[in-house]
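Reading through the structure tokens given below for one structure.
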Amino acid sequence: MLERMLSFYIFVFVSFTAVVFQCDSAPIVYTITYQQYTTVQIGWTQQQVTQNIGSAGNLVSQSGTGNTAITIIKYTGSQSPLAVATFLFQGGILLSKAQIGLDTTVYTITLAQYTAIQTDWTRDQVTKLVGSAGCNVSEAGTGNIAVIIVQYKAAGTTFGIVSLGFVGGKIVSKFEVGFASTINNKINLLQYNTIQTGWTQQQVTTLLGGSGTIVSQSGTQGSPYQITIVQYVGSQSSLTAVTFLFQGGILSSKGQIGLDTGIYTMTYQQFTTIEIGWTRDQVTNVVGSAGCNVSEAGSGSTAVIIVQFTAAGATFGNADLTFINGKLTTKTGIGYFLAISNKITLQQYSTIQIGWTQQQVTTLLGGSGTLISQSGVQGSQYQITMVQYSGAVSSSALALITFQGGIVYGKTQANLDTGVYMITQQQYTSLQIGWTRDQVTQFIGNAGNVASEAGTGNVAAVSVQYKVVGTVIGTVNLIFSGGKLYIKTGFGFK
Ligand SMILES: *[C@@H]1O[C@H](CO)[C@@H](O)[C@H](O)[C@H]1NC(C)=O
Ligand SMILES: *[C@@H]1O[C@H](CO)[C@@H](O)[C@H](O)[C@H]1NC(C)=O
């Protein structure tokens with residue numbers, strides 16, 4: 001249930017920001033070989049790609065029109081259903097390509113090699129050191145602005161991966177996942193608390209007796225803009241992790257998970273009582289404990305601290321508070337809604353309109369819902385408040401209402417509308433960017449499940465979902481902006 005809720009929050013943010021998503025477990029029949037993939041070149045027309053591969057592929061998403069139209073096409077590997085190739089076209093011209101699993105060669109890199117690699121190195125330098133060229137997982141642009149992402153398997157790990165980003169033939173970033181678990185650079189809470197933003201990387205290394213694991217690095221070696229992220233493992237438990245971010249060799253932020261084993265609890269009543277603008281001391285006084293500093297960045301007036309409490313009454317819930325320059329700027333509570341239930345029906349949800357006051361919503365629903373997050377000064381026109389209600393009929397249904405300055409700005413629902421809205425794959429392919437909502441509804445024969453709505457007039461954004469006829473998980477997501485189809489996305493086609 002909680003997982004469902006959390007994935008809903010991710011979904012909400014995806015809907016509101018209109019990001020294109022896709023699902024890799026989709027069953028698709030358009031196939032591609034590795035050889036075909038390598039033949040396809042950046043700059044080809046969509047027709048050339050179709051001809052070379054022998055089919056048009058699955059349309060994953062489309063947005064914009066004419067020269068700015070963005071189209072994403074996907075093929076499945078002919079050898080393995082888990083291998084995927086993705087092509088992104090702008091104005092009908094191939095801008096980038098990416099593949100996972102088509103190149104089945106295993107390219108391995110050791111931690112020592114990974115550590116030795118410097119930003120600014122050429123591909124040849126890397127290949128010489130490592131003994132293999134690695135796997136081109138993604139390529140975009142050409143010449144000086146060519147961007148290539150190369151991956152290696154991290155030696156000695158089960159799932160570890162090293163990613164190198166090249167721009168114009170030179171490394172601009174390196175990144176790894178997995179080496180950290182094989183290394184024993186330990187840290188305890190006292191050491192963590194001792195280390196302060198502003199310290200040099202050398203000071204940190206000396207205090208901890210080791211340089212940790214570089215999880216990522218970008219920017220030229222020795223430059224003031226170089227960003228290095230280093231990880232250490234907790235000395236008490238291997239499940240704890242500490243991350244330090246250095247900019248130009250100076251510690252600019254630190255974060256920890258699980259190192260501070262204190263239990264800091266906040267009740268829902270305390271969560272609603274504390275106000276944006278309060279100092280850390282004021283919050284500590286009301287809650288009765290200071291909470292866990294999970295991340296700290298900057299200093300003085302730009303100091304940002306994220307403090308976490310356990311949500312009382314929820315099994316996995318947290319209350320997260322962000323303080324900037326010592327003052328509370330954002331509070332987010334995930335999990336309280338499991339213990340609190342203010343109900344909503346689909347009819348009530350449909351009645352609520354963008355532009356209503358929070359008081360109107362509270363009156364209609366007979367309760368103020370569960371406060372999920374708040375930022376901005378109390379009573380200001382920029383204050384953002386997110387409130388959740390649970391479905392009156394089904395416990396898996398919920399609605400989220402976002403208020404800006406006390407006025408409904410957006411609303412989102414999941415499973416509240418239990419209608420079945422279908423679309424055929426052919427209808428999906430025929431939909432044209434720029435069509436009005438009415439044109440789309442008429443063409444498909446039903447209005448779809450309106451998952452979220454925000455804003456009004458020219459800036460109105462509406463996200464509508466359909467199930468795909470003849471598939472189990474096939475889903476189409478349409479985003480309308482200012483009343484016109486702006487992005488269409490589909491996955492899970494047969
Ligand atoms: C990987 O990318 C490099 C640089 O564009 C290119 O020279 C090389 O041929 C590519 N390798 C494969 C196997 O496609
Ligand atoms: C948490 O952060 C505050 C503010 O920087 C600091 O005063 C306090 O000592 C920190 N607590 C711990 C346990 O480090």
For this session: Being under 17 Å from L431 (Cβ atoms) and touching an Asp or Glu at 6+ places or on another chain (Cβ under 8 Å) is the filter; apply it to the range 455-478 and report the residue that is surrounded by the most Cβ atoms within 10 Å (Cβ to Cβ).
Result: S463
Exercise. Any residue in the range 429-444 that is over 26 Å from the mean Cα position of the chain (by Cα) and among the charged types (D, E, K, R)?
Worked result: yes
Problem set entry | Qualifying position, being in a strand (DSSP E or B) and touching a residue at least 12 places away in the same chain (Cβ under 8 Å), among Y389, Y382 | Y389
For this session: Return the residue satisfying two criteria in turn: it lies in the range 47-72 and is buried (at least 20 other Cβ atoms within 10 Å of the Cβ) and closer than 16 Å to T33 by Cβ, and of such residues it is nearest to the chain's Cα centre (by Cα).
Result: G57
For this session: Specify the residue that is farthest from the chain's Cα centre (by Cα); the eligible residues are those in the range 154-203 that are closer than 21 Å to T105 by Cα and of a type in the set (A, V, I, L, M).
Result: A155
Exercise. From S481, S452, which residue is buried (at least 18 other Cβ atoms within 10 Å of the Cβ) and touching a residue at least 40 places away in the same chain (Cβ under 8 Å)?
Worked result: S452
Exercise. If we keep just the residues of the range 307-323 that are at pLDDT 95 or above and of a type in the set (V, I, T), which is farthest from ligand 1 (Cβ to nearest atom)?
Worked result: V307
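Per-residue answers, yes or no, for (1) closer than 19 Å to V137 by Cβ; (2) in the same structural domain as A146 (by TED's automatic domain parsing); (3) among the aromatic types (F, W, Y):
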position: Y30; (1), (2), (3): no, no, yes
position: Q46; (1), (2), (3): no, no, no
position: I72; (1), (2), (3): yes, no, no
position: S80; (1), (2), (3): yes, no, no
For this session: Six or more apart or on different chains, Cβ under 7 Å: which pairs go from a residue in the range 108-136 that's within 18 Å of Q226 (Cβ to Cβ) and touching a residue at least 60 places away in the same chain (Cβ under 8 Å) to one that's away from ligand 2 (no atom under 16 Å from the Cβ) and in a helix (DSSP H, G or I)? Could you list them?
Result: Y114/F179
For this session: Could you please tell me which pairs satisfy a Cβ distance under 6 Å, a separation of 6+ or placement on different chains, a first residue in the range 140-158 that is in contact (Cβ under 8 Å) with a residue 40 or more places away in the chain, and a second residue that is away from ligand 1 (no atom under 11 Å from the Cβ) and assigned to a loop (DSSP other than H, G, I, E, B)?
Result: K153/V106; A154/G160; A154/G178; A155/T110
Seminar exercise, completed: For strands (runs of 3 or more DSSP E) lying entirely in the range 256-343, having 2 or more residues that are in contact with a Phe, Trp or Tyr (Cβ under 8 Å, 6 or more places away or on another chain) and closer than 22 Å to I384 by Cβ picks out 304-311, 318-324, 327-334
Problem set entry | Exclusive hit being touching a strand residue (DSSP E or B) at 6+ places or on another chain (Cβ under 7 Å), more than 13 Å from ligand 2 (Cβ to nearest atom) and farther than 20 Å from T194 by Cβ, set T315, T330 | T330
Exercise. Which residues, taken from the range 261-274, are exposed (fewer than 15 other Cβ atoms within 10 Å of the Cβ) and either more than 16 Å from ligand 2 (Cβ to nearest atom) or without any contact (Cβ under 8 Å) to a residue 12 or more places away in the chain (or both)?
Worked result: Q269, T273
Exercise. Can you tell me which of Y232, Y225 is modelled with pLDDT under 95, surrounded by 15 or more Cβ atoms within 10 Å (Cβ to Cβ) and either farther than 23 Å from S373 by Cβ or outside the structural domain of I171 (by TED's automatic domain parsing) (or both)?
Worked result: Y232
Problem set entry | Hey, V147 of a type in the set (V, I, T), under 18 Å from T220 (Cβ atoms), out of contact with any Phe, Trp or Tyr (no Cβ under 9 Å at 6 or more places or on another chain) and within 13 Å of ligand 1 (Cβ to nearest atom) or not | no
For this session: May I ask you to say which residue of V393, V408, V377 is under 26 Å from Q465 (Cα atoms) and modelled with pLDDT under 95?
Result: V393
Exercise. Within the range 94-129, which residues are within 15 Å of ligand 1 (Cβ to nearest atom) and closer than 16 Å to G178 by Cβ?
Worked result: V106, Y107
Problem set entry | Of residues in the range 389-420 being loosely packed, with under 15 Cβ neighbours inside 10 Å and within 15 Å of F337 (Cα to Cα), the one farthest from the chain's Cα centre (by Cα) | S394
Exercise. Being surrounded by fewer than 19 Cβ atoms within 10 Å (Cβ to Cβ), in contact (Cβ under 8 Å) with a residue 40 or more places away in the chain, within 16 Å of ligand 2 (Cβ to nearest atom) and not polar (S, T, N, Q), is that true of even one residue in the range 289-301?
Worked result: yes
Exercise. In a loop (DSSP other than H, G, I, E, B) and either at pLDDT 95 or above or within 30 Å of G222 (Cα to Cα) (or both): does that describe Q41?
Worked result: yes
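The values are calculated or read from the model by the stated rules, or taken from the named source; none is laboratory data. In this text the structure is predicted, and so the values were computed from the model without any measurement. Cβ coordinates were reconstructed from backbone atoms using ideal geometry, including for glycine residues, and neighbour counts include every protein chain displayed.
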